[in-house]
Amino acid sequence: MLTSHLGELFALLTAIFWTTTSLSFQQATRRAGSLSVNVLRLIIAFFIFGIISYFSRGLFLPFDAGTHQWIWMSVSGLIGFVFGDYFLFKSYELISARISMLIMSLSAPMAAFISWFLLGETMNLISLLAMFITIFGIMMVITEKKKLDDEKAGIKNKKIQFSFSPKGMLFAFFGSIGQALGLVLSKYGMQDYNVFAATQIRIITGCIGFIILISLIKRWPKVKQAVSDKISMKFIVIGSIFGPFLGVYVSLLAVKYTTVGIASTIMAIIPVLIIPPAILLYKEKVTLKEVIGAFIALGGIVLFFIN
């Protein structure tokens, strides 16, 4: 029975791996900073991908890729990794990985909208409804009503306020835009090329982008400090193994053995999976409203992929 559902099992394993990655990078980022964590995890991923590619394809680097793949996968890497992941990791410094990943779930409907706009892929009314439900669930988590006294009139009224850092949530939103646009450009750029090698191009470009950025703003002392911090490096290595390496590889297996819709839906449960470890390991206070909101957002994502 298990062999008939390999794709679904691989998708669930991917969600578990990416949950582990999010929590690991949250800890690393708060100790070492977002730029240091980003460049170090991509460098680690670069060598992991290179070694695996050498033994599986006979090439340490994807020299067999065409000009089209190099150009568009590179653009995708710059937007997805450098822009998107920079802001995602920056959000970890201000809000928890739990909230960041919930906001990042917007990347699925965003990718659909962008692909509709740029690639002409269809988007029906159910997809639009799914986007609304997802956004409603997220808004339910990140906002709250607080009673405020009107000093002049002496009347109590309610005002909507954010439950978490607006700046942190904005950074996570930018991260979801980067991930969505990077995904669409990857689809356009990859075509029939090897998925593993195409991802390797994105990682190479991401490395180069962060190296240039860190050099321009002279942050290498911070990176050196992060390398010398054993605790930070432990979380960075764990996050790199479970994210750019195992997470990406297992997600490709999931898509191989089941449909993209089913795999993507199962992978989207990260905002729900992340709640128990956030409570048990990091002692975060999670309200019932936040749990319900996370499940509503998940329901929107499920509807989006099954219609």
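The values are calculated or read from the model by the stated rules, or taken from the named source; none is laboratory data. Nothing here was measured: the structure is a model prediction, and the numbers come from that model. Because the Cβ atoms are built from the backbone with ideal geometry, glycine has one as well, and the counts that use them run over all protein chains shown.
Restricting the search to the stretch 267-307, which residues are among the basic types (Lys, Arg), in a loop (DSSP other than H, G, I, E, B) and at negative phi? Outline the logic, then answer.
Within the stretch 267-307, the first condition is being among the basic types (Lys, Arg), and the residues that meet it are 283, 285, 289.
Applying the additional criterion that residues be in a loop (DSSP other than H, G, I, E, B) yields 283, 285.
The answer is 285, and nothing else.
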Among the residues that make up the stretch 223-230, is at least one of them assigned to a loop (DSSP other than H, G, I, E, B) and under 24 Å from residue 29 (Cα atoms)?
yes
Taking only the stretch 1-18 into account, find how many residues are polar (S, T, N, Q) and under 23 Å from residue 276 (Cβ atoms).
1
Answer with yes or no whether residue 256 is of a type in the set (Lys, Arg) and at pLDDT 85 or above.
no
In the stretch 234-244, what residues are surrounded by 19 or more Cβ atoms within 10 Å (Cβ to Cβ) and among the hydrophobic types (A, V, I, L, M, F, W, C)?
235, 236, 241, 242
Scan the stretch 225-244 and give yes if some residue there is closer than 22 Å to residue 64 by Cα, touching a helix residue (DSSP H, G or I) at 6+ places or on another chain (Cβ under 8 Å), touching a residue at least 40 places away in the same chain (Cβ under 8 Å) and not β-branched (Val, Ile, Thr), otherwise no.
yes
Does the stretch 19-75 hold any residues that are basic (Lys, Arg), under 30 Å from residue 275 (Cβ atoms) and surrounded by fewer than 20 Cβ atoms within 10 Å (Cβ to Cβ), and which are they?
30, 31
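Tell me which residues, restricted to the stretch 1-14, are surrounded by fewer than 24 Cβ atoms within 10 Å (Cβ to Cβ) and among the small types (Gly, Ala, Ser).
Narrowing the stretch 1-14 to residues surrounded by fewer than 24 Cβ atoms within 10 Å (Cβ to Cβ): 1-10, 12-13.
Matches in the stretch 1-14: 4, 7.
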Can you go through 126, 99, 133 and tell me which one is among the aliphatic types (A, V, I, L, M), at pLDDT 75 or above and surrounded by fewer than 14 Cβ atoms within 10 Å (Cβ to Cβ)?
126
Mind checking which pairs have a first residue in the stretch 202-222 that is outside any helix (DSSP H, G or I) and buried (at least 16 other Cβ atoms within 10 Å of the Cβ) and a second that is among the aliphatic types (A, V, I, L, M) and modelled with pLDDT under 95, Cβ under 7 Å, 6 or more apart or different chains?
219/35
When the residues of the stretch 231-253 are filtered to those that are farther than 18 Å from residue 24 by Cα and not polar (S, T, N, Q), which remaining residue is modelled with the highest pLDDT?
250
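In the list 36, 74, 56, 24, which residue meets the criterion of being in contact with a helix residue (DSSP H, G or I) (Cβ under 9 Å, 6 or more places away or on another chain), of a type in the set (Gly, Ala, Ser) and within 16 Å of residue 242 (Cα to Cα)? Let's see the steps before the verdict.
On the way: 36 fails: within 16 Å of residue 242 (Cα to Cα); 74 fails: within 16 Å of residue 242 (Cα to Cα); 56 fails: within 16 Å of residue 242 (Cα to Cα).
Just a single option satisfies the conditions, and that option is 24.
Could you go through the stretch 156-165 and let me know if any residue there is at pLDDT 85 or above and surrounded by 14 or more Cβ atoms within 10 Å (Cβ to Cβ). I'd like the intermediate steps shown before the answer.
Step one: list which residues in the stretch 156-165 are at pLDDT 85 or above, which gives 165.
Going one step further and asking which of them are surrounded by 14 or more Cβ atoms within 10 Å (Cβ to Cβ), we end up with 165.
Yes, the conditions are met somewhere in the stretch 156-165.
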